[in-house]
Amino acid sequence: MTDLQECRKEIDEIDSQILRLFEKRMKVCEDVAQYKIETGKQVLDSKREREKLDTLGARAHGEFNSLGIQEVFQQIMAISRKRQYQLLTANGVGEEKDYEMVDQLPLKDVNVVFQGVEGAYSYAAMRAYFPEEIKSYHADTFREAMEEASSGRADYAVLPIENSTQGIVTDIYDLLTEYQLHIVGEQVIPVDHVLLGLPGSSLENIRTVYSHPQALAQCKLFLENHQEWKTVKAENTAASAKKIKEEQEISQAAIASRAAGELFGLDILAENICHNDRNVTRFIVVSRKPVYEKKARKVSVCFELPHSSGTLYNMLSHIIYNGLNMSRIESRPIPGKTWEYRFFVDFEGNLEDPAVKNAIRGLEAEANRMRVLGNYELQEET
C-alpha cells in the first residue's frame, strides 16, 4: 500500500525545487524588463508565448500533462509580465497623463444638463450633487444630454446608469463608448414611487397609468392588483406626471416621485407601491474634461478582448494581482462583432496609486481596446 506521508514528503521536496526555480526565473524576468526599459520593446510578445506553450505541450507525456503544463506556464508568463509592468511603472516608462488631478471639481456657476424634466429623478440627483449656484436645463434623451456635454454647451451631464431593482441602463453604457466623455462623479438617489392623479381623483376613477418602463416594472406587484388598469410606457416618470397635469383627464394617473407630484400640483393616490423598499438609482456625472479629484477612490474602465479562451481571466488578474477590490463587472455586445463583448469594470483606487497604474498598464497592453472612463468619489445615498 502506498504510504501517504512519504508521498507528501516527496511532493514537498519537489515543490521546494519548483519554488527555487520559479524565483530564479523571476530574477531573469527582471533582467528582461530592464532590457525592455532600455530599448522600448513591448512586454507582451504573443507570438513567442504561443510558440513556447506549443513547444512545452509537445514535450510533455500524455494529453493531460500536455494541457496541464501549458496552463502552468501560461500563468507563469502572466506573472512575469505583471512583474515587468511593475518595473516599467516604477521607472516611469511610457506613462501618459491622460487625466489631470485637481483638488476639487468646479461645481459652482456651471451649466448642467439632465435627461428628463424638472421633477424627474435625474433632476433630484443633480440637485443632490451640485450646489444651488448652477444653471441647469433638460434634454429629452440620453444621447442629447451626451451631445450637450460633448459639445461644451454643458459643463456636466447627469445620467442614470443603474437601478438596484432593474439593473443597468444599457443605453448609457453604450453611449459611454461612443462619446469621449469622462465620469467625474456619482450620486445615489432613493427611488420612492407614488401613484399621482388629478386633485379630487381616486383609485376608483383610474383607467390608465403612465410611467417609464422601469418604473412600471418596479411597481409590477401593485399594478397586478389592478388588472382593470391599462399601463402605457412614457419617456420618464416626471414627463408622465406632466402629462396628467396638462391633459386634465381624471381617469389618468402617473407613477412618479413625490417631488414630481408637488411640482405639477397632483395628489398622491397610493404610496409604497414599489415592491422593493430599498430601491435606489445610481447616477453618473460626466464631463468632456479628463479630470479627477485628489480624493477619488473609484476607477471605471472598459475594454474589448481577443476572442480566445482565458482572456477575460487574464484581464481581471491585473486587477486582482495588484490587490485592487473590483466592485462591478458588466458586459455589452460589440456592434458588428458576433458573440464578442465589451466589458465595463469598476474597482477601488486612485489614478495616482502605483497599484492602479500597474493594473491599467497591463489592461492597456493586453486588451484589443481599453479606456479609462473616469476616477471619482462615491457620493453617499441621500
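Summary of computed values
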| item | result |
| --- | --- |
| Segment 86-113, residues that are part of a loop (DSSP other than H, G, I, E, B), over 24 Å from the mean Cα position of the chain (by Cα) and hydrophobic (A, V, I, L, M, F, W, C) | 93, 110 |
| Verdict on residue 357 being closer than 16 Å to residue 98 by Cα, touching a residue at least 60 places away in the same chain (Cβ under 8 Å) and assigned to a helix (DSSP H, G or I) | yes |
| Which numbered condition residue 209 fails, given (1) under 32 Å from the mean Cα position of the chain (by Cα); (2) buried (at least 17 other Cβ atoms within 10 Å of the Cβ); (3) of a type outside the set (Asp, Glu); (4) part of a strand (DSSP E or B) | (1) |
| Enumeration of residues in segment 114-153 that are at positive phi and either buried (at least 17 other Cβ atoms within 10 Å of the Cβ) or part of a strand (DSSP E or B) (or both) | 116, 119 |
| The listed residue being in contact with a Lys or Arg (Cβ under 8 Å, 6 or more places away or on another chain), modelled with pLDDT of 90 or more, assigned to a loop (DSSP other than H, G, I, E, B) and surrounded by 18 or more Cβ atoms within 10 Å (Cβ to Cβ), out of 351, 324 | 351 |
| Selection from segment 52-85 of residues that are under 35 Å from the mean Cα position of the chain (by Cα), loosely packed, with under 15 Cβ neighbours inside 10 Å and farther than 17 Å from residue 21 by Cα | 67, 68, 71 |
| Segment 274-292, residues that are in contact with a helix residue (DSSP H, G or I) (Cβ under 7 Å, 6 or more places away or on another chain), of a type outside the set (Gly, Ala, Ser) and at pLDDT 95 or above | 283, 285, 286, 288 |
| Given (1) closer than 30 Å to residue 184 by Cβ; (2) in contact with a Gly (Cβ under 9 Å, 6 or more places away or on another chain); (3) of a type in the set (A, V, I, L, M, F, W, C), number of the condition residue 43 does not satisfy | (1) |
| Any hit, segment 159-167, residues being in contact with a helix residue (DSSP H, G or I) (Cβ under 7 Å, 6 or more places away or on another chain), β-branched (Val, Ile, Thr), outside the structural domain of residue 257 (by TED's automatic domain parsing) and not in a helix (DSSP H, G or I) | yes |
| Checklist (1) within 30 Å of residue 146 (Cα to Cα); (2) surrounded by 15 or more Cβ atoms within 10 Å (Cβ to Cβ) applied to residue 49, failing item | (1) |
| Residue that is surrounded by the fewest Cβ atoms within 10 Å (Cβ to Cβ), among those in segment 327-348 that are among the small types (Gly, Ala, Ser) and in a strand (DSSP E or B) | 327 |
| Which listed residue is modelled with pLDDT under 95 and of a type in the set (Val, Ile, Thr), from 169, 184 | 169 |
| Of the criteria (1) of a type outside the set (Gly, Ala, Ser); (2) touching a strand residue (DSSP E or B) at 6+ places or on another chain (Cβ under 6 Å); (3) in contact (Cβ under 8 Å) with a residue 60 or more places away in the chain, which one residue 334 fails | (3) |
| Some residue of segment 230-240 being part of a helix (DSSP H, G or I), of a type outside the set (Gly, Ala, Ser) and touching a strand residue (DSSP E or B) at 6+ places or on another chain (Cβ under 8 Å) | yes |
| Members of segment 236-253 that are surrounded by 17 or more Cβ atoms within 10 Å (Cβ to Cβ) and of a type in the set (Asp, Glu) | none |
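The values are calculated or read from the model by the stated rules, or taken from the named source; none is laboratory data. Treat the numbers as computed from the prediction; the structure is a model and nothing was measured. So basically every Cβ, Gly included, is an ideal-geometry build from the backbone, and we count neighbours across all protein chains shown.
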